[in-house]
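To start, the structure itself, in structure tokens.
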Amino acid sequence: MKQYRAHLLVCAGTGCVSCGSFKIKEALEKEIQKKKLQDEVLVIATGCNGFCERGPILMVHPDGVFYQQLKVADIPFLVEEHLLKGRPVKKLMYIPPEEKEPIPRMKDIEFFKHQRLIVLRNRGRIDPEKVEEYIAFDGYEAMGKALSEMTPEKIIADITASGLRGRGGAGFPTGKKWAAGRAAKGSPKYLICNGDEGDPGAFMDRSILEADPHAILEGMVIGAKAIGAEKGFIYIRHEYPLALKRVEIAIKQARDNGLLGEDILGTGFNFDLEIVQGAGAFVSGEETALMASVEGRVAMPRQRPPYPAQKGLWNKPTVINNVETWATVPNIILRGAKWFSGLGTKTSKGTKIFSLVGKINNTGLVEVPMGITLRDVVYGIGGGIPGGREFKAVQIGGPSGGCIPAKMLDLTVDYESLTGAGAMMGSGGLIVMDDKTCMVDIAKYFMNFLRDESCGKCVSCREGTQRMWEIIKKITEGKGTEKDLDVLEDVARTCKDASLCGLGQTAANPVLSTLQYFRHEYEAHILDRRCPAGVCTALIRYVVVAEKCTGCQACKNACPTQSIKGTLKDVHLIEQTKCIKCGACQEACRFEAIEAQREEAIQII
Amino acid sequence: MAEKKKLRIQDLAKIREKTRALTTIRESEGRAKVTVHMGTCGIAAGAREIMDALLDEMQKNKVQDVIVSTSGCAGLCNREPMATVEFKGQPPVKYVDLTPEKMRKIFAEHVLCGRLVPAFALAVGSETVY
Amino acid sequence: MITFRMNGLEVSAEEGWTILEASKFYGLEIPTLCYYEGLSPYGGCRLCVVEIGEGEKAKLVSSCTYPVEQGMVVRTDTKRVIAARKMMIELMVSVAPGSKVLQDLASQFGVTEVRFEPRHEECILCGRCVRICAEQMDARAIGFQQRGYKKKISTPFDIRSEVCRLCGACLYVCPACQLRCQGPQAETTLCNGCLAPDPTCLDYYDDLQCWMYDAGRCGTCVREKT
């Protein structure tokens, strides 16, 4: 082991990679070679750090200094100052919005301070493509314990006592599922890891797969011992090439080192894993559809019972769990059920990973203990709404979830309290919305997603999502009637009641929850023909306010369709027939002379 | 880990020991920290050689639980090269007018055995920062 | 033998039967569309939904696919069930108003308005044709393509099939092309020629009370239509 005095951890999750973090790594290595520091300073690429808003990210250890938004041009100066002269570079550090002083250490930054990393404990800390780094941080220790010292019954008892619930969305008690799998008759038994994360805005599973793939392998081997399975499948959606690559490397390294395959760790236990790629459908995240896909058939759900634990893949007992659930298992086995159940609330134990996206300052991935309030997540960790705008709602649970309005911000994050509020924990996507977001438009967006992704088997979902989308679209175009709201609710209720699978049963949630908390917005669109948030383009017109216009031509230059007419120093005019309502003119104007007005209140200039 | 050796449970613990340096650095969990002052004055006075000597000693003695850090100018430029040795829970000790040999001696006495070397030390403790 | 309650009656069935099979055995009528005797059940039309369980845990499931379970409580005609059936029919009629089977169902279940834009398509994707071609005729010439609202039934790659033997089984079982209805009116998309009145017992008992299962046709519960 070379004696390094400093480690540079470059974040290489997909978010930072797309911002050029591999180029940053190359630049660092080059500069370090130049300064002859290669025997003292190690550069490695890690998985996602979580603070995706600020990528590319670099962590310098042992100092614990957090660098963000790096450019290749910054690197020579950084290496010279920090690594040679010991002076961390202030201008590359994180400065919270509205403040002036940078915060050098990661553990002092609000975004990271309030998180409790269990599943994501290795994020940004290890090179996911080196199994020895995983082992260095207690990796495979739990697996060793499970295979050599524990009986299957004891493993299941521990998981049950911990209170772990499925993190894929439904929150079914994991111990119960494993016990059913163990008790089921039939052989061989299978395990599946559901990595088909399809919710728009969700990237929790992707981050785990990219940052710490061995955690899943370890969890699945432990599960295999508990249930009595010999083969497992990791289903990863086709759209995650980096995750696929890292898991492939992890499986190969595990096999090469006797941590997977035959005679694992010399204990005589056999279990092997295979990767299956998804084919681009959201519905294949539904467990019965996923199994159909693994079997090579079209991903369409079927009736349950029989449940997969009794009759799953090829009619054999199959236990399917989400990526996050599998990655939590080694932690529970290693540190004990009591430790895990000490975190969280009475019914929801442990931590949950959320992807915090939308109109929020600190976009990224956070792991928080259950029971934290939404207010703490949005304002504490999230840093509030950018531009000082007002918080309006947060969509939880993706397209199967619902919106929580501002008045319910003190709701605690917990399976039951979220379902009680008309939303759903779901896989953990948290989309924050401000007062410039139109809730009807949001409902339209999700219904469009769902009608596209419905498998089409049952009438209630296939036709239901289509018709709900049509009605909402009509409303956003200003053609809605009051009767439409009744029809919308009718279709929504039936779609929820009569659909075959989880997709259909929860497809109506965006509609029902926005109707519950934001009915006034629907009514404004219908009765006033007005979009309060100023989003629905059919209901707004951009007009120049003659008294304020100075004729500076800024709007004319900004307009992408050349719809603005006017000569220098003269009041300008927007030609409505050519205007595409993009709002660029309003943004460009420095005199607040452009207003988005209601369709009917046209100013004649 | 290039060799395709099948691991046993005992091997996991061995690997953890071998890679202790990793956890030490990334978790900032050393039992002691040695900071070599590498401001412009320090580098001009020869701090690089001090650093090389320190790292060499660490490698030779297979020390995995000590953190090595750098910092900028400490303020006492005419006594450079300087290094500070800090043990967990104890006040830091500043060593001045260093040479690579002195650094090695300090490493052997203070870092490895916990015995302060008064002849090379300037002071114990640090400046008050309001 | 599995024993359970169906509409308040203690009934028993063989293990592996579906609720629909048990109901047929006992002479209870549950409407179906995609179900066809001799073909595997599909569970797509959602007409055969029944309510199982009680209180908060009660849910709707398709009786043609749900296996009987010991001690389950099944109710075939609750308010929730009838509301779901009516909506399914309304949705399907708006897609294919030219089908007599659908118009008859609309009249039978008192669907008097279609609140959606009619699409005048022919297919309601019940899958009977696909299943009979695969399971009974052993040809597998046609199948489902695409997903969601774009789903359709066709031959692979939409080219002329080499395995189709022109047996006509698909035409035979199709509910949309069985008989053309002359009745649909442009304004309502419905014919409603043989409309049965709304039963009054549903609101009160949350269960249809007519044991003859002739929902209104026996004349006992005629109601004024407003």
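Here is how the numbers come out for the structure above:
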| read-out | value |
| --- | --- |
| Residue match in region A:466-489 (condition: in contact with a Phe, Trp or Tyr (Cβ under 6 Å, 6 or more places away or on another chain), of a type in the set (Lys, Arg), surrounded by 21 or more Cβ atoms within 10 Å (Cβ to Cβ) and modelled with pLDDT under 95) | no |
| Options B:Asp56, B:Asp97, B:Asp52; residue that is of a type in the set (Asp, Glu), at pLDDT 85 or above and closer than 24 Å to A:Glu81 by Cβ | B:Asp52 |
| Which listed residue is out of contact with any strand residue (DSSP E or B) (no Cβ under 6 Å at 6 or more places or on another chain), over 18 Å from A:Cys461 (Cβ atoms) and of a type in the set (D, E, K, R), from C:Glu15, C:Glu29, C:Glu51 | C:Glu29 |
| Checklist (1) out of contact with any Lys or Arg (no Cβ under 8 Å at 6 or more places or on another chain); (2) farther than 19 Å from A:Pro200 by Cα; (3) part of a loop (DSSP other than H, G, I, E, B); (4) not aliphatic (A, V, I, L, M) applied to A:Gly456, failing item | (1) |
| Members of region A:271-297 found to be free of Cβ contacts under 8 Å to residues at least 40 places away in the same chain and surrounded by 17 or more Cβ atoms within 10 Å (Cβ to Cβ), listed by number | A:Ala292 |
| Subset of region A:243-268 [within 11 Å of chain B (Cβ to nearest Cβ) and of a type outside the set (A, V, I, L, M, F, W, C)] | A:Lys252, A:Gln253, A:Arg255, A:Asp256, A:Asn257, A:Gly258, A:Gly261, A:Glu262, A:Asp263, A:Gly266, A:Thr267 |
| Any hit, region A:167-176, residues being assigned to a helix (DSSP H, G or I), more than 18 Å from A:Glu218 (Cβ to Cβ), more than 14 Å from chain B (Cβ to nearest Cβ) and among the aromatic types (Phe, Trp, Tyr) | no |
| Residue ID - surrounded by the fewest Cβ atoms within 10 Å (Cβ to Cβ), chosen from residues in region A:1-28 that are within 11 Å of another protein chain (Cβ to nearest Cβ) and of a type outside the set (S, T, N, Q) | A:Lys2 |
| Close pairs from region A:43-67: first in contact (Cβ under 8 Å) with a residue 24 or more places away in the chain and buried (at least 21 other Cβ atoms within 10 Å of the Cβ), partner among the aromatic types (Phe, Trp, Tyr) and assigned to a loop (DSSP other than H, G, I, E, B), Cβ under 7 Å, at least 6 apart | A:Ile57/A:Phe51 |
| In region B:17-39, the residues that are more than 7 Å from chain A (Cβ to nearest Cβ), part of a helix (DSSP H, G or I) and polar (S, T, N, Q) | B:Thr24 |
| Leading residue by the ranking (nearest to A:Val10 (Cα to Cα)) among those in region A:92-129 that are touching a residue at least 24 places away in the same chain (Cβ under 8 Å) and of a type in the set (Asp, Glu) | A:Asp127 |
| Whichever residue in region C:116-156 is β-branched (Val, Ile, Thr) and within 11 Å of chain A (Cβ to nearest Cβ) and, among such residues, is surrounded by the fewest Cβ atoms within 10 Å (Cβ to Cβ) | C:Ile153 |
| Selection count where residues are closer than 25 Å to A:Glu210 by Cα and over 22 Å from the mean Cα position of the chain (by Cα), scope region A:94-126 | 3 |
| Members of region A:330-343 that are crowded, with 21+ Cβ neighbours inside 10 Å and either aromatic (Phe, Trp, Tyr) or not assigned by TED's automatic domain parsing to the domain that holds A:Arg165 (or both) | A:Phe340 |
| Top-ranked residue in region A:459-495 [being over 25 Å from C:Ile82 (Cα atoms) and in a helix (DSSP H, G or I); ranked as nearest to the other protein chains (Cβ to nearest Cβ)] | A:Lys474 |
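Residues checked against (1) surrounded by 24 or more Cβ atoms within 10 Å (Cβ to Cβ); (2) closer than 14 Å to A:Val329 by Cβ; (3) among the charged types (D, E, K, R):
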{"site": "A:Asp205", "(1), (2), (3)": "yes, no, yes"}
{"site": "A:Ile208", "(1), (2), (3)": "yes, yes, no"}
{"site": "A:Ala215", "(1), (2), (3)": "yes, yes, no"}
{"site": "A:Glu218", "(1), (2), (3)": "yes, yes, yes"}
{"site": "A:Ile222", "(1), (2), (3)": "yes, yes, no"}
{"site": "A:Gly232", "(1), (2), (3)": "yes, yes, no"}
{"site": "A:Glu239", "(1), (2), (3)": "no, no, yes"}
{"site": "A:Ala243", "(1), (2), (3)": "yes, no, no"}
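The values are calculated or read from the model by the stated rules, or taken from the named source; none is laboratory data. Worth saying up front: this structure is predicted, and the values here are computed from it rather than measured. As a convention, Cβ positions derive from the backbone with ideal geometry for all residues, glycine included, and neighbour counts pool all protein chains shown.
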